[in-house]
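Working notes, beginning with the structure itself.
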Amino acid sequence: MKLYHHPLSGHAHRARLFVSLLGLPHELVEVDLKAGAHKTPEFLALNPFGQVPVLDDDGVVVSDSNAILVYLAKKAGRSDWLPEDARNAAAVQRWLSVAAGEVAYGPAAARLVTVFGAGFNPDEVIGRAHTLLKRLDSHLSGCDWLVGVQPTIADVAIYSYVARAPEGNVDLSGYPAVNAFLRRVEALPGFVPFAQTPAGLSAA
């Protein structure tokens, strides 16, 4: 099993975190985004969208971080991470959609501005991040995990970009339930941290 990733990609960290939480043997293959390695013909043959992460499981190629989470949970037969019952399966899917939507266009986009120089309006994306964080904090005020009473792939999908939101000038200090949630994820056996942006790389 090979996981093509970049250490500063939150999407890639989701996949790396989950494969580690499951304890699955894997090889990490770093893709040099700065050098354009994700746009080479060889990489585009794996993922025509030219994005990390990509999982190559003995010839079964899965791209998109949330799809990789689903694939790994199903392959490992881990219904604790991806519930089989309709209610909880739908609840997990809802948070995967939030990860691909509100998280991507809020805290992830804010971090893209400072770390990678993306051309988003900082005030707009930071505002979106705080709207999301208020809703997330309210939800987590009554529970430890996003779905049910134990961690699921929903928590993995939400964690990375929220944890690194301060790198995009998004202040997390006003969200106690969110901060407690981040610490719970970090206490899980097999947790691997999302790499800090090296000093000098961030424009913040």
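The values are calculated or read from the model by the stated rules, or taken from the named source; none is laboratory data. Not measured: the values here are computed from a predicted model. Here the Cβ is made from the backbone with ideal geometry for all residues, glycine too, and neighbour counts use every protein chain on show. SASA here: full protein model, heavy atoms, side chains in, ligands and nucleic acids out. Shrake-Rupley method; radii C 1.70, N 1.55, O 1.52, S 1.80 Å.
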Item to check | Tally, over segment 48-70, of residues that are free of Cβ contacts under 8 Å to residues at least 24 places away in the same chain, out of contact with any Lys or Arg (no Cβ under 6 Å at 6 or more places or on another chain) and either assigned to a helix (DSSP H, G or I) or open to solvent by less than 80 Å² (accessible area, probe 1.4 Å) (or both) | outcome: 6
Checklist entry - When the residues of segment 77-132 are filtered to those that are among the charged types (D, E, K, R) and outside any helix (DSSP H, G or I), which remaining residue is nearest to Gly36 (Cα to Cα)? => result Arg78
Checklist entry - How many residues are aliphatic (A, V, I, L, M) and either open to solvent by 20 Å² or more (accessible area, probe 1.4 Å) or under 23 Å from Pro83 (Cα atoms) (or both) when one looks only at segment 130-146? => result 3
Checklist entry - Take the residues of segment 16-47 that are surrounded by 21 or more Cβ atoms within 10 Å (Cβ to Cβ) and touching a strand residue (DSSP E or B) at 6+ places or on another chain (Cβ under 8 Å): which is nearest to His6 (Cα to Cα)? => result Val31
